[in-house]
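The values are calculated or read from the model by the stated rules, or taken from the named source; none is laboratory data. Keep in mind that this is a model prediction, so the values were computed, not measured. Cβ sites come from the backbone with ideal geometry, for glycine too, and all protein chains shown count toward neighbours. For accessibility, only protein heavy atoms count, side chains too; no ligands or nucleic acids. Shrake-Rupley method; radii C 1.70, N 1.55, O 1.52, S 1.80 Å.
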Amino acid sequence: MPRRLSVTVERFPIAGAFTISRGSRTEAVVVVATVEDGAVRGRGECVPYARYGESVESVAAALEEQAGWIADGGGRFDLAGRMKPGAARNALDCALWDFEAKSSGTPAYALAGLAAPGPVTTAYTLSLGDPEAMEEAARNAAHRPLLKVKLGGEGDPERIAAVRRGAPDSRLIVDANEAWRPETLQDNLAACLAAGIGLIEQPLPAGEDALLAEIDRTIPICADESLHDRAGLDALAKRYDAINIKLDKAGGLTEALKLAHEARARGFEIMVGCMVGSSLAMAPAMLIAHHAAYVDLDGPLLLARDREPALRYDGSTVFPPPPELWG
């Protein structure tokens, strides 16, 4: 029976609000690609991101354009030649991985030539706010071993110090989401050093980060917005020590696995990250998480409800996906 591609939009309320330097939202809007043949169903989820020129409508349309190709037998090995990196390609790529795993009876990790993934510790994200609110949020999350702190530019040294007061024993990552500027970089770096920050993510805007090659990077710096797929690795030389691999940026698990391999060969540490989505979006990234120095797959922990079946979280420990969810 020929395969059929269907595209749906789903909404998951966020517990409270999720705020970064570019804005705040109260729900995660995701696009799901489903490939099925009447007997087997494979799914992949993506989160369209306006920062990269994506919308729910544009991503859904890009997926629907591939329906005929999927019906004709198109597969994930040819997908990169048809779709540009981004959320739409990620959803379809992950759906094809899931379909192949279920139709062959072979787990996705085995199809990728990997060992079975195990449980890993994920970061837990603290939204951007004023120092007092962030200190309280840190205190409430102080039992978690690894916290990721969203920053916003002006006033960040005070935020950093406040979070450290609230969570004196947690490892901390800070993520500026491009909000720092050259004139504030040294003050912010000094605040991070004083607070014992372990990693600084995307301090300067993508394309305006050459200064990072000229400073003493006592604390490792991780590229997020400055990197999407393997084509961007050359530009990171001497500027960054780590990269954040997100399937929605790379265009799917296929490219993300290749990116992780090439980045490690060049000496970069690996973070595996996510947008705010459901367990279906996190599940494929678990194949990379086991080999990453930093794992940030807390999207479902930020939701008021997740899909069923879901990933299992025990505190900050996340376990591999059940086959009923993905892979």
Test: residue in the stretch 313-327 that is open to solvent by less than 10 Å² (accessible area, probe 1.4 Å) and of a type in the set (Phe, Trp, Tyr): yes
Residues within the stretch 75-118 that are under 16 Å from Ala283 (Cβ atoms), aliphatic (A, V, I, L, M) and assigned to a loop (DSSP other than H, G, I, E, B), tallied: 3
Index of the failed condition, Ile160 passing every other in (1) within 24 Å of Cys46 (Cβ to Cβ); (2) part of a helix (DSSP H, G or I); (3) at pLDDT 95 or above: (1)
Some residue of the stretch 121-130 being of a type outside the set (S, T, N, Q), in contact (Cβ under 8 Å) with a residue 40 or more places away in the chain and closer than 15 Å to Gly315 by Cα: yes
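Quick grid of which residues meet (1) farther than 22 Å from Leu128 by Cβ; (2) in a loop (DSSP other than H, G, I, E, B); (3) out of contact with any Leu (no Cβ under 8 Å at 6 or more places or on another chain):
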{"position": "Phe18", "(1), (2), (3)": "no, no, no"}
{"position": "Thr34", "(1), (2), (3)": "yes, no, no"}
{"position": "Pro48", "(1), (2), (3)": "no, yes, yes"}
{"position": "Glu57", "(1), (2), (3)": "yes, no, yes"}
Among (1) under 18 Å from Met282 (Cα atoms); (2) buried (at least 19 other Cβ atoms within 10 Å of the Cβ); (3) of a type in the set (Val, Ile, Thr), the one test that Thr121 misses: (2)
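Please find, among Ala112, Ala67, Ala80, Ala60, the residue that is surrounded by fewer than 24 Cβ atoms within 10 Å (Cβ to Cβ) and more than 21 Å from the chain's Cα centre (by Cα).
Every option except Ala67 fails the conditions.
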Residue within the stretch 42-54 that is open to solvent by 30 Å² or more (accessible area, probe 1.4 Å), over 26 Å from Arg312 (Cα atoms) and of a type in the set (Asp, Glu) present: yes
Selection within the stretch 282-291 - in contact (Cβ under 8 Å) with a residue 40 or more places away in the chain and open to solvent by 20 Å² or more (accessible area, probe 1.4 Å): His290
Positions within the stretch 294-325 being under 28 Å from Asp241 (Cα atoms) and more than 14 Å from the chain's Cα centre (by Cα), in sequence order: Ser316, Thr317, Val318, Phe319, Pro320
Subset tally (residues that are under 22 Å from Val31 (Cα atoms) and touching a strand residue (DSSP E or B) at 6+ places or on another chain (Cβ under 8 Å)) for the stretch 253-263: 1
Close pairs from the stretch 11-23: first of a type in the set (Gly, Ala, Ser), partner buried (at least 17 other Cβ atoms within 10 Å of the Cβ) and part of a strand (DSSP E or B), Cβ under 8 Å, at least 6 apart: Ala15/Leu303; Ser21/Lys150
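Scan the stretch 297-312 residue by residue and report those that are more than 24 Å from Leu111 (Cα to Cα) and open to solvent by 10 Å² or more (accessible area, probe 1.4 Å). Walk me through it before giving the result.
Restricting attention to the stretch 297-312, the residues satisfying the condition of being more than 24 Å from Leu111 (Cα to Cα) are 298-308.
Residues satisfying the conditions are Pro300, Leu301, Leu302, Leu303, Ala304, Arg305, Asp306, Arg307, Glu308.
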Condition broken by Ala162, with the remaining ones in (1) surrounded by fewer than 21 Cβ atoms within 10 Å (Cβ to Cβ); (2) over 20 Å from the mean Cα position of the chain (by Cα); (3) aliphatic (A, V, I, L, M) satisfied: (1)
Residues located in the stretch 142-157, provided they are touching a helix residue (DSSP H, G or I) at 6+ places or on another chain (Cβ under 9 Å), assigned to a strand (DSSP E or B) and in contact (Cβ under 8 Å) with a residue 60 or more places away in the chain: Lys150
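What residue, of Arg82, Arg51, is within 23 Å of Ser127 (Cα to Cα) and among the charged types (D, E, K, R)? If you could, list the steps in order and put the result at the bottom.
Values: Arg82 fails: within 23 Å of Ser127 (Cα to Cα).
Only one candidate qualifies: Arg51.
From the list Arg51, Arg41, pick out the single residue that is of a type in the set (D, E, K, R) and at pLDDT below 95. Steps first, answer last, please.
On the way: Arg41 fails: at pLDDT below 95.
The conditions single out Arg51.
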Residue in the stretch 237-250 that is nearest to Met83 (Cα to Cα), counting only those that are outside any helix (DSSP H, G or I) and open to solvent by less than 30 Å² (accessible area, probe 1.4 Å): Lys246
